[in-house]
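Comments concern the structure below.
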Amino acid sequence: MAIQFRKRLIDQVSYEACSVFDVNNDGILDLMCGEYWYEGPDFTRRHRVADVTPVNEYFDDFSNFPLDVDGDGWLDVITGGWWGETLRWRQNPGLSNRDWRVFDIDHCGNIETIRFYDIDGCGIPEVFPNTPNGPTCCYKLVTDASGRGTGAFQKILLNAEPSGHGLGFGDISGNGRTDVILNHGWLEHPGQNAWSKPWVLHPEFSLGQASVPILAYDVNHDGRTDLIVGQAHDYGLSWIEQGNDADGQRNWIWHSIDPSGSQFHDLQLVDLDNDGQLELVTGKRYRAHNDGDPGADDPIGIYYYKMFGGTFEKHVIDYGSAGEASGTGIYFWVQDVTGNGYPDLVAPGKDGLYLFENLGMRA
């Protein structure tokens, strides 16, 4: 038995980020990708959003996360990119046909991509751009007395050293608090009043040019948080086991999941088959460095892995040569958009924007 998917080309565009949300407040999910959004439920009607700067076969748009920034009841989009070095938000115009206005949040340096996590439990995720050459910062939406966004963000410095390539979130110490994971260690959540206290760096590992995100998950079910990481610009997908040495000090042991593929840039843990167990979903980011990475000429694909307490069983969703198969881009999305109860995959990339409809288990 395997999960079956039906592949559909939504548009022959080459943006590398996407999301799923109700753009026009009609109660139906839509797709967002770069300069356009696609009206549900069939996604055949395309609407313009705003100009996105093209740079050297890329577009300066490495996130399309929905968030009501200005509190008007319409979901806006958080974005940013490497060349513009600027974190931005695009304002949803509502029922107007005008372009979405673009507002700068901060000139924060080269943005590899952005991730979002509600670390303080306020109900609104904080914004974490991965800036490999800059410090680790997050941006907290400023809300009014009723809890609605005001269009402003508070910038919070967590660590002044260069962040490195890779970012994740998880409880590393086991104290119930969410720590921030970098490619060269983890930043410890300081407890109450976390935004006004230093986040101490524990340089316990070196993950290379790590995926964004680095996933925190108890792979072998021993009660300790392990890591799952892809090499974003090289070969390899691995899990790193958290343990203790003879002196009781924390250590990390590498285990290979899949050495055959390269450019595992984006990873997600999702219950694809509704059996109550998470699957690891990932794939190759097609032409991540415009053919400059190891494995760039290899076939591309999207995969899911069944996890069995430390062993991983690979299943192919799509695989083949460019133009025949699809990759995952830098920021893919998993959500049930067809309404059949199974999570679907929306995969952007330089090879086009694709919807993989999850049909459930088939023999």
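The values are calculated or read from the model by the stated rules, or taken from the named source; none is laboratory data. Every value quoted in this text rests on a predicted model; they were computed, and no experiment measured them. For neighbour counting, all protein chains shown are included, and Cβ atoms are generated from backbone atoms with ideal geometry for every residue, glycine included. Note: accessible area is taken over every heavy atom of the protein model, side chains too, but ligands, DNA and RNA are not part of it. Shrake-Rupley method; radii C 1.70, N 1.55, O 1.52, S 1.80 Å.
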* Please report how far the C-alpha centroid of the stretch 266-320 lies from that of the stretch 12-84, rounded to the nearest whole angstrom. => 23
* To do: Would you kindly state how much longer the chain becomes between His107 and Asn56 on full extension, computed as 0.36 nm times their sequence separation minus their alpha carbon distance, in nm to one decimal?
  => 16.3 nm
* To do: Given the options Gly151, Gly292, Gly329, state which has the largest fluctuation in a GNM of the chain using a 10 Å cut-off (strictly under) for Cα springs.
  => Gly292
* For His221, solvent-accessible area (1.4 Å; no DNA, RNA or ligand), Å² -> 120
* Using θ = phi - 60° and the Karplus relation 6.51 cos²θ - 1.76 cosθ + 1.60, list the HN-Hα couplings for the stretch 329-341 in order, rounded to whole Hz, with x at every Gly or Pro. => x, 9, 7, 8, 9, 10, 6, 6, 9, 8, x, 9, x
* Structure fact -> Which of Gly248, Gly94, Gly208 fluctuates most in a GNM of the chain (C-alpha springs under 10 Å)? That residue is Gly248
* Taking the chain and dividing mean pair separation by its residue count, relative contact order in percent (alpha carbons under 8 Å, at least six apart) -> 15
* Asked: With charges only on Cβ, +1 for K and R and -1 for D and E, what is the dipole size of the stretch 48-170 about its Cα centre, in debye, rounded to 20?
  -> 160
* Expressed in nm to one decimal, what extension gain is obtained for the pair Gln192 and Asp118 from 0.36 nm per residue of sequence separation less their Cα-Cα distance? -> 25.2 nm
* Which order do Leu95, Leu182 take when ranked by solvent-accessible area (1.4 Å probe, heavy atoms of all protein chains), largest first? -> Leu95, Leu182
* To do: Please identify, among Gly230, Gly295, Gly276, the residue showing maximal mean-square fluctuation in a Gaussian network model of the chain using a 10 angstrom Cα cutoff.
  => Gly276
* Options Val142, Gly276, Val337, ranked by Cα towards positive dipole end of the chain, top entry (Cβ charges) -> Val142
* Asked: Across the chain, how many lysine pairs separated by 8 or more positions, or lying on different chains, have Cα atoms within less than 23 Å?
  -> 11
* Structure fact -> Any residue on another chain or 5+ positions along whose placed amide H is under 5 Å from the amide H of Cys137 is listed here as Leu158
* Heavy-atom accessible area ranking, 1.4 Å probe, most first, across Thr44, Thr178 -> Thr44, Thr178
* To do: Treat the stretch 34-156 as a sphere of radius equal to its Kirkwood radius over Cα pairs and apply Stokes-Einstein at 10 °C in a medium of 1.306 mPa s; give the translational diffusion coefficient in µm²/s, rounded to a whole number.
  => 105
* To do: Hey, can you grab everything whose amide H is under 5 Å from the amide H of Arg88? Only 5+ residues off in sequence or another chain; H modelled, so Pro and N-termini drop out.
  => Thr79, Gly80, Ile105
* Structure fact -> Row for the stretch 86-145, column shape: gyration tensor on C-alpha, a ≥ b ≥ c, rounded if a/c < 1.5 i.e. under 1.5, prolate if a/b over b/c, else oblate; value oblate
* Asked: Among [x] 16.6; [y] 17.9; [z] 23.6, which is the computed mean projected area of the Cα convex hull in nm²?
  -> [y]
* Candidate residues Trp254, Trp333, Trp199: accessible-area rank, largest first, probe 1.4 Å -> Trp254, Trp333, Trp199
* What are the trypsin sites (Lys or Arg not before Pro) within the stretch 1-109 that DSSP puts in a loop, where the Cβ has at most 16 other Cβ atoms within 10 Å? -> Arg98
* Structure fact -> Counting only protein heavy atoms and leaving out ligands, DNA and RNA, the solvent-accessible surface of Glu161 at a 1.4 Å probe, in Å² to the nearest 10, equals 90
* Rounded to the nearest 20 Debye, what is the dipole magnitude of the chain about its Cα centre when Lys and Arg each give +1 and Asp and Glu each give -1 at the C-beta? -> 300
* Structure fact -> The set of residues whose placed amide H lies less than 5 Å from the amide H of Gly349, leaving out same-chain residues fewer than 5 positions away, is Tyr15
* To the nearest 10 Å², what's Lys350's accessible area with a 1.4 Å probe? -> 30
* the stretch 191-225 and the stretch 141-162: distance between their alpha carbon centers, rounded to Å -> 22
* Spacing of the two label points (7 Å from each Cα toward its C-beta) at Trp252 and Ser206, in nm -> 1.2
* **Under the Karplus curve 6.51 cos²θ - 1.76 cosθ + 1.60, θ = phi - 60°, whole-Hz ³J(HN,Hα) for the stretch 154-162, x wherever Gly or Pro sits** => 9, 8, 10, 8, 9, 7, 7, 6, x
